[in-house]
Amino acid sequence: MAELPILDLRNVGKVYELNDQRIEALRDANLVVEKGEFVCLIGASGCGKSTLLRIVAGFEPPSAGEALMWDKAIAGPAPDRGMVFQDYGLFPWLSVRQNIGFGPASRGLPKAELRVLVDRFVDMVGLTRFADAYPHQLSGGMKQRVAIARVLANDAEMVLMDEPFGALDAMTRERLQDELLDIWQRTKLTVLFVTHSIEEAIFLADRVVVMEPGPGRIASEHRIELPRPRDVSSPEFNAVRRDLSARLHSHHGKKAA
Amino acid sequence: MSASVAAEGSAGEKKSRPGGMVWPRLKAVLLALVVPLALLLGWHLAVKAGMTRLIPSPADVAEYMVDFAVGGIWDDAFSATLHIHLFASMTRVYGGFALAALVAVPLGLLIGRNEKVRALLDPFLQLMRPIPVTAWLPLSMILFGLGPRSAFFLVFLGAFYPILLNTVFGVRSVEKRLFEAASMLGCSGTAQFFRVVLPASLPSIFTGLRLGLGLAWFVIVVGEMTGVPQGLGAVIMDGRTLSRTELVICGMIVIGIAGFISDRIIVAIMNRLLRWSPSHHG
């Protein structure tokens, strides 16, 4: 028997009811993620990728099907699944250090241990010089580093990222992509990463899951076999990009037809 | 990391030029003095030109003020009594304000967080809100009698609503995202209240406290119309009855200054506690 997957979604669906209107955000999603895998969800807006992520996070219960982590139904948000939001979601009244230590501190970790732990993660994301700054004093890239460190410091097994670099400029985005891969390779975390950029998905993922709208569903999965570190300007990378791009557009073409 | 460099640059600049801070501050003070001085001058000239005989000149008021504060000029019933009246008013203002804060903040947190409490209390409180404090005066005198307890109650009433409403607003406008962030980090239930709701609504609570304290000073004159012998409001009412306009103006000035100092103190506390907030730096 194969090893238990960290995440197993079985026919997961989500329907929102908004004043008599029934909106089907996600239908029949099946996805298995192995521990240590880096999976990107990609698709146009309305394809249910964020909904899927929120169900895994436990922010929304599925209206149909089962969402299992380590074979147990996901019953709500918990520290084993950390979320990194596009709009950061940092606590503005806490310093970088306190934000990163939020989870362990609310679990009641002793002060001395907390300090060592927080220092380690502040250092990991390269914010030592800004450890006592407040979020409003940081750039977008720095805020997102804090958000990532906050989840890692809390010992999350799986990191859920909802277009985390979408609001950043191109240079910062590339840098954070590199840093994220570096952290992922060192920690062997499992990452579920939502993006709308084909290039970002191919650069980061072991596997790209293509989703399509109306109603949101998983259309296809693609394993990315390119060796790491990946070079976005190489012909091989371009070939994969062209292929994936064609598939994305063919899905959309089908929908329009 | 251009942003970090920029941030450091400005921080370094502030530290390296302490002398550079004197002129902007002085300029601010001078600018703030322009309008009051012009008004004072206008008042002085108007009295001098004989436009009114009922209002004393600024110099007269200043003289009465000195007498009111330390005595030795007129030596009447009001000489050297400023501290007594100021103290009496302050106990009512701060007492009423403290009680209002003590009731309104927890109540506001409750109304903001709990649907049932909101359904139970919000309509009633909204209905009572438009009634001006002045309208409560007769009833308050019946309920609490003539004297300081009535004044205390009216100040309480005046400070209560701004604190309550701003607290409710603060609690209700905590970003949903922060609750999600807290719960995925393992903080939920009651802990979330103390670690998220309370700090997140602190800026609004402080806004409410600031408005409340301002209103407490605002209603003190009405509060002391209830027949108390001492207090700045009582002085103003006495001044009116005795046609001693200079006394009325002295009372007004003292209330203005006391209210201003109170406000500065609360702003200082606020800026200290809320230094994380970009909108609380001055």
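Readers should treat all values here as calculations from the given coordinates under stated rules, not as data from a laboratory. Here the structure is a predicted model, which is why all the values come from computation and not from measurement. Cβ coordinates were reconstructed from backbone atoms using ideal geometry, including for glycine residues, and neighbour counts include every protein chain displayed.
Can you give the FRET efficiency to the nearest 0.05 for A:Glu199 and B:Leu33, using r as the Cβ-Cβ distance and R₀ = 51 Å?
Calculated value: 0.25.
Using every alpha carbon pair in segment A:1-124, what percent of pairs falls into each 10 Å bin from 0 up to the bin containing the largest distance?
Whole-percent P(r) values from 0 Å outward: 11, 33, 29, 21, 5, 0.
My understanding is that a pair violates if its Cα-Cα distance is over 30 Å; which of A:Lys49/A:Lys111; A:Lys143/B:Lys27; A:Lys14/A:Lys72; A:Lys14/A:Lys111; A:Lys143/B:Lys116; A:Lys14/A:Lys35 do that in this structure?
Over 30 Å Cα-Cα: A:Lys49/A:Lys111; A:Lys143/B:Lys27; A:Lys14/A:Lys111; A:Lys143/B:Lys116.
Taking every pair of Cα atoms in the protein assembly as shown, average 1/r, invert it to obtain the Kirkwood radius, and report Rg/Rh to two decimals.
Rg/Rh: 1.13.
Count the net charge of all other residues whose Cβ sits under 12 Å from the Cβ of B:Ser150, scoring Lys and Arg as +1 and Asp and Glu as -1.
For residues surrounding B:Ser150, the net value is +1.
Ratio to report: Rg/Rh of segment A:91-156, with Cα atoms as the point set and Rh obtained by the Kirkwood method; give two decimals.
On the Cα set of segment A:91-156, Rg over Rh gives 0.93.
Evaluate the distance, in nm, between pseudo-label points positioned 7 Å from the Cα of A:Ala44 and of B:Ala98 along their respective Cα→Cβ axes.
Reported label-point gap for A:Ala44 and B:Ala98 is 6.5 nm.
Reported to two decimal places, what Rg/Rh ratio describes segment B:82-273 when computed on Cα atoms with Rh from the Kirkwood expression?
1.07
Please turn the phi angles of segment A:234-240 into ³J(HN,Hα) values with the Karplus equation 6.51 cos²θ - 1.76 cosθ + 1.60 (θ = phi - 60°), one per residue in order, whole Hz, x for glycine and proline.
6, x, 4, 4, 4, 4, 4
Taking R0 as 35 Å, what FRET efficiency do you get between A:Asn19 and B:Phe124 from their Cβ-Cβ distance, rounded to the nearest 0.05?
With R0 = 35 Å, the Cβ-Cβ based efficiency is 0.75.
Spelling out what I want: for every residue of segment B:203-215, take phi, set θ = phi - 60°, compute 6.51 cos²θ - 1.76 cosθ + 1.60 (Karplus), and round to whole Hz; glycine and proline get x.
My calculation for segment B:203-215 gives x, 5, 4, 5, 4, x, 4, 5, 4, x, 5, x, 5 Hz in order.
Would you compute, from DSSP H runs of 4+ residues alone, the mean residue ellipticity of chain A at 222 nm, taking -39500 (n - 2.57) per run and dividing by the full residue count, rounded to the nearest 500?
-11500 deg cm²/dmol
Full-extension gain between A:Ala73 and A:Asp243, please, as 0.36 nm times their residue separation minus the C-alpha to C-alpha distance.
Difference between extended and current length: 57.6 nm.
Spin-label point model (7 Å from Cα, Cβ direction): what's the A:Glu236 to A:Asp169 distance in nm?
Result: 3.3 nm between the two label points.
Most mobile of A:Asn19, A:Asn99, A:Asn11 per a Gaussian network model of chain A (Cα springs, under 10 Å)?
Among A:Asn19, A:Asn99, A:Asn11, the largest mean-square fluctuation in the Gaussian network model of chain A belongs to A:Asn19.
Based on C-alpha coordinates, I'd like the Rg and Dmax of chain A, in Å.
Cα only, chain A: 18.6, 62 Å (Rg, Dmax).
Calculate, for B:Ile84 and B:Leu146, the FRET efficiency according to 1/(1 + (r/R0)^6) with r their C-beta to C-beta distance and R0 22 Å; round to the nearest 0.05.
0.70
Per DSSP H run of at least 4 residues, take -39500 (n - 2.57); add these up for chain B, divide by its residues and hand me the 222 nm value, nearest 500 deg cm²/dmol.
-25500 deg cm²/dmol
Averaged over every viewing direction, what's the projected area of the C-alpha convex hull for segment B:96-163? Give it in nm², one decimal, please.
4.5 nm²
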